[in-house]
Structures are given as C-alpha cells and as structure tokens.
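A.B. asks: Got a structure here, written out as structure tokens. Questions coming.
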Amino acid sequence: MHVQEWLDTVPAAAVYALVGLVIGLESLGIPLPGEIVLVSAALLSSQHSGINPVVLGVCATAGAVIGDSIGYVIGRKGGRPLLAWLGRKFPRHFSEGHVATAERSFEKWGMWAVFFGRFVALLRIFAGPLAGVLHMPYWKFLTANLLGGICWAGGTTAVIYYVGIVAEDWLKRFSYLGLVAALLIGLTSMLLIRRKAKKAQESRQEAEPVGVGD
C-alpha cells in the first residue's frame, strides 16, 4: 500500500485524541515528545483531507492548557518533595541542573516564563508543576498558560500545515522525511537544553563552597 493511501485510512478522531492526550500529559509534567507529535499530526493534516487543522489546533491547545493546569495543582500540593521524587523517577529530565535552570527562568521572567516556556522543551515539562511549587498566583499562570498554549499549538499547527500544502507533491513522495526532520529537531533541542542545564549545575556546585565559607 502506498504511504498516502495508508495515511488516508487513519481516523481523524484518533489523531485529535492522540495529540490532545500526549500534549496534555507532557504539559502535566510527564516527559513525552509533544512537539514531535504535534508537528507530525500537522503534516498529516496537510495530506489527509479528513483531518481539519483548525480542530487539530484546538485539541492541541486544549491539551496544553488543561495539562498545565493539572500540573500546577499537583505542584502546588506536592511542593518541593514532588520535584525530588520526580528527580528520582526521571533523572534525565528532572535532574537538579534542569530544576535549577527552570527555577532561574521563573525567578527572572515570572509569568512570562510560563508563556515562553511553551516553546522550550525543558520548560514545557516544568511550567505547570514548577509554577505550582513556587505558588505563582493562579490568574497569572492561567493567563500566560492560555496565551502560550494558543500561540504554540495554534501557531505550530498553522505553520506546519501550510508548509505541507506548499510542498504537497514533495511530501507525497517523501512523507516520512518530515517526521525524521521533526525528530532530529527535537533531539537537537534536548541536547542543547541538557548542555545548558549541565553548565548551570556545575556553576551551582562551584558557588556552594563560597557560601559555606561566608
């Protein structure tokens, strides 16, 4: 079966549900490839007449906002012990270096860290729980969360969809290359974030003896 024929058999409802669920769980604080799933689904919508990009964007936005809000509540109730527990369960994502990097972003930017965090892999996972742990006022969190979710989910869906339309003939022959490119972009982003977090952790460790001596 040709790739395009196989794509046409994928139920639209299944795509909407998968995108909303994965993005919601990632926003809640579970390390999942939400951005890759969204990009892949947006590419699929440009090739699949049954998948409406507007509905896809709405589902992605809803998943982002609801997931972040649940993460906020969990973080507010769990506090720092929750971050310590997550660090033991998911050391690659919730290490002390990553937590320190995210916390500095919140201290510097406040509610804008929630907004811009939607566009950064590390902060996208941390935004909800960490905002709750730091007791950010919920109205500020919700405002930034809603605007960030709309801009990120809606904007990503629109851009990728129209790129897919423009490159329709090319994508029909090389459908999987778009997914590979999205995967490479996601991996590169994670490597850069991990490198930054490692440097932040090293700087923190170097600064600790000075504070003790004082």
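A.B. asks: Does the stretch 88-100 include one or more residues that are surrounded by fewer than 22 Cβ atoms within 10 Å (Cβ to Cβ), more than 25 Å from Gly164 (Cβ to Cβ) and of a type in the set (A, V, I, L, M)?
C.D. replies: Yes, the stretch 88-100 contains a residue that is surrounded by fewer than 22 Cβ atoms within 10 Å (Cβ to Cβ), more than 25 Å from Gly164 (Cβ to Cβ) and of a type in the set (A, V, I, L, M).
A.B. asks: If Ala84 passes every condition in (1) surrounded by 16 or more Cβ atoms within 10 Å (Cβ to Cβ); (2) at pLDDT below 85; (3) among the small types (Gly, Ala, Ser) but one, which one does it miss?
C.D. replies: Result: Ala84 passes all but (1).
A.B. asks: When you check Gly75 against the structure, is it at pLDDT below 75 and either aromatic (Phe, Trp, Tyr) or part of a helix (DSSP H, G or I) (or both), yes or no?
C.D. replies: Judged against the criteria, Gly75 is not a match.
A.B. asks: Does Gly57 meet the test of being of a type in the set (Gly, Ala, Ser) and part of a helix (DSSP H, G or I)?
C.D. replies: Spelling it out, Gly57 is indeed of a type in the set (Gly, Ala, Ser) and part of a helix (DSSP H, G or I).
A.B. asks: Among the listed residues Ile23, Ile74, identify the single one that is closer than 18 Å to Leu130 by Cα, of a type in the set (Val, Ile, Thr) and crowded, with 18+ Cβ neighbours inside 10 Å.
C.D. replies: Going through Ile23, Ile74 in turn, the sole match is Ile23.
A.B. asks: Name the one entry in Ala14, Ala42 that is in a helix (DSSP H, G or I), at pLDDT 85 or above and surrounded by fewer than 20 Cβ atoms within 10 Å (Cβ to Cβ).
C.D. replies: Answer to the selection: Ala14.
A.B. asks: Something else now. Test Phe119 against the stated conditions and say whether it is closer than 18 Å to Glu35 by Cβ, surrounded by fewer than 18 Cβ atoms within 10 Å (Cβ to Cβ) and modelled with pLDDT under 85.
C.D. replies: Here the answer is yes, as Phe119 does meet what is asked.
A.B. asks: Kindly indicate the residue of the stretch 122-158 that is without any contact (Cβ under 8 Å) to a residue 40 or more places away in the chain and part of a helix (DSSP H, G or I) and also surrounded by the fewest Cβ atoms within 10 Å (Cβ to Cβ) among those meeting that condition.
C.D. replies: Trp139
A.B. asks: Give Thr157, Thr143 a once-over and let me know the one that is in contact with a Pro (Cβ under 6 Å, 6 or more places away or on another chain) and modelled with pLDDT of 85 or more.
C.D. replies: Residue meeting the stated conditions: Thr157.
The values are calculated or read from the model by the stated rules, or taken from the named source; none is laboratory data. Note that the coordinates shown come from a computational prediction; the quantities given were computed from them, not determined experimentally. Every residue, glycine among them, receives a Cβ derived from its backbone with ideal geometry; neighbour counts consider all protein chains shown.
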